[in-house]
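Peer 1: Sharing a structure with you now.
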Amino acid sequence: MLVCVVVGLNLVAIVLLPFRSGFPALRTPNVLTTLFATGSIVGEALMLLVLWRILRQKNDSLGRLGLWKSSPSIGWSVALLVAALSVVPGVRGLHNGALHLAYSKILFEPSFFHISVALILGCGAGFCEEILFRGYVMTRLSDAGYGAVVQVIASGILFGLAHGLYALSSGVSVGLDIMSHTALLGALYAITYLLSRRSLMPCILAHFLNDAIVLPWVFLTMFSAR
């Protein structure tokens with residue numbers, strides 16, 4: 001149900017984007033990226049509220065999922081490694097692909113726009129999505145008696161589906177590519193979660209670094225190309 005909520009909110013944001021055509025001031029890549037990022041964090045917050053209500057009804061808590069729980073050093077080390085594996089290829093690919101765009105300079109400037117969007121995307125996704133896809137999904141599977149392998153695979157697949165379905169609007173091949181890559185990244189976050197002794201903090205860090213560094217470039221590049 002929660003995955004449906006996440007996907008639904010993302011689909012609503014995509015559906016509403018075409019209405020920007022009636023507002024010329026909203027058609028700049030900067031504004032569109034900011035609106036998309038803001039809508040994203042609102043959706044993430046609503047998802048977290050739904051999850052909190054579910055946990056409360058079951059006399060459960062976010063703390064049991066691993067929020068604010070301390071992690072051994074191996075958890076932090078793996079989190080930084082996973083972040084590097086996702087960020088470095090992303091930065092190289094976007095740098096090479098964005099050089100021809102009129103707005104390419106913005107992608108590399110430490111401006112207020114770039115920093116604010118990076119923080120919005122990184123904090124929203126890094127915090128909320130890790131609580132759902134790692135903390136909640138994997139804890140529920142563990143409670144049901146499923147082992148680590150099933151937890152990692154399920155967490156990765158659900159993570160990929162939630163991120164890739166909205167991308168199908170850009171074509172089946174693009175959507176499938178995003179889903180597969182995101183599913184793999186979700187599985188790596190899941191492994192980090194297990195190695196951290198089910199602490200969400202290293203996962204949140206790795207997710208934050210990836211989304212804060214790469215996603216502003218992705219959205220700005222996407223909207224600049226239109």
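FYI, it's all coordinate maths here, none of it is from the lab. A quick note: this is a predicted structure, and the numbers were derived from the prediction, not measured. Reconstructed Cβ throughout: ideal geometry from the backbone, glycine too, with neighbour counts over all protein chains shown.
Peer 1: What is the sum of charges around Tyr189, taking Lys and Arg as +1, Asp and Glu as -1, for the other residues whose C-beta is under 12 Å from the C-beta of Tyr189?
Peer 2: Computed value for this residue: -2.
Peer 1: Also, I was wondering about something else. When Lys and Arg each count +1 and Asp and Glu each count -1, what net charge do the other residues less than 15 Å away from Gly122, Cβ to Cβ, add up to?
Peer 2: Net of charged neighbours comes to -4.
Peer 1: Same structure again: Please arrange Cys128, Cys123 by counting, for each residue, the other beta carbons lying within 10 Å of its beta carbon, fewest first.
Peer 2: Cys123, Cys128
Peer 1: Beta carbons within 10 angstrom, averaged per residue: use that to sort the peptides 146-153, 212-219, 53-60, highest first.
Peer 2: Descending mean neighbour count gives 212-219, 146-153, 53-60.
Peer 1: Using mean Cβ contacts within 10 Å as the protection proxy, how do 82-89, 185-192 order, highest first?
Peer 2: In decreasing order of mean packing, 82-89, 185-192 become 185-192, 82-89.
Peer 1: Something else now. Report the label-to-label distance for Asp177 and Gln57 in nanometres (one decimal), using points 7 Å from each Cα along the Cα→Cβ vector.
Peer 2: 4.0
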